[in-house]
Every structure is written in C-alpha cells, then in structure tokens.
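Enquirer: Following this message is one structure expressed as structure tokens.
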Amino acid sequence: MARVSPFLWISHDAEAALALYERVFARSGVRVSRSSDPAGALQIGTLEIGSSRVMVFNGEAHGVFSFTEALSLYVSCEDQDEVDRIWDGLCEGGRPGVCGWLVDRFGVSWQVVPRCFEEMMAGENDAARTRAIEAMLSMSKLDCDALHAAYDGAP
C-alpha cells in the first residue's frame, strides 16, 4: 500500500530543523544522507515520529521556496503536558498563531491539538461542541482545562 509523507524543502538550515524536530518529538529518530563533498552537507533527512515519516530536504543550494499556512502538520497530543512541550519547542524562534496553530522558525505551519478537543468534536452534544469551538477560537495554544470548562458549560 502507498504511504504518503510530507516532504519539506527547507531553504535555510535543514540540519537545525531536523535537530529541533527530533528534540521536540519524544521517541523520534532521524536518518540523514550527506553529500560526498568535504563538508559532508546534509542532503536529505528522514524524521520518524511514531508511525509517521517527515522528509526534510536541504534546499539551500537549489532555490528558496516558502511555506504557507494553507498546509500544516497536525499534531495530536495525549494531554496538556504534551501540548505544552511540543508547542513551546516548535515556537522557539517561531510565532504562535490562533486556534492551536503556530509557525516554526523554518516557516513550517503546525497545529498542536490535545486529544480532549478531538473527543469533544466527536461528541453528540451540539451545544457543548459549539461552546468548545468558541473557546478554542479565543486561544493561541489550546488549553485542555478551559476547553473542558467551555464544553461542560461552566461559567
């Protein structure tokens, strides 16, 4: 069966991008291919995060391309601690957005979402879902406690 993986053309410091992603995502691993020149520059790297794979290409010598927020990498987190760790790590040198979105310092857009919010969106209570969505719309980094309070109708 075919496997689809994002392929990120990093126009500056692809090696630092791989190092950041490996540090931020627990239980991840990186494999790299280097050029045969004396500097041994990174050509391409593969980041394995669980069963997901992200390819990172060092495009520095091949042209500059930019990412847009029209495409983002979605990160489903177990709990608030994981949201905090991943969000804070990816935001280093980047910029926070709204509704769980951020752009890292390499220009890659991410959505960092706690599993609790995914479960709320799968719930059958329309009013509760609406309250949770309204709360989410007012947030930058998503906050599980505040989302639960809104979902439950707490003042």
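Enquirer: Name the helices (runs of 4 or more DSSP H) wholly inside the range 39-155 in which the number of residues that are among the acidic types (Asp, Glu) and at pLDDT 95 or above is 3 or more.
Expert: So the answer is 80-91.
Enquirer: Look at the range 1-15 and say how many of its residues are among the aliphatic types (A, V, I, L, M) and either within 18 Å of ARG105 (Cα to Cα) or buried (at least 16 other Cβ atoms within 10 Å of the Cβ) (or both).
Expert: The qualifying residues number 3.
Enquirer: Name the single residue that is surrounded by the most Cβ atoms within 10 Å (Cβ to Cβ) among those in the range 116-155 being within 21 Å of TRP101 (Cβ to Cβ) and small (Gly, Ala, Ser).
Expert: ALA132
Enquirer: Continuing with the same structure: Among the residues of the range 16-53, how many are under 18 Å from TYR74 (Cα atoms) and surrounded by fewer than 14 Cβ atoms within 10 Å (Cβ to Cβ)? Give the derivation first.
Expert: Just the residues of the range 16-53 that are under 18 Å from TYR74 (Cα atoms), to begin with: 17-18, 20-28, 46-53.
When the remaining residues are screened for being surrounded by fewer than 14 Cβ atoms within 10 Å (Cβ to Cβ), the result is 23, 26-27, 50-51.
Number of matching residues: 5.
The values are calculated or read from the model by the stated rules, or taken from the named source; none is laboratory data. This is a predicted model, so every value here is computed, not measured. For neighbour counting, all protein chains shown are included, and Cβ atoms are generated from backbone atoms with ideal geometry for every residue, glycine included.
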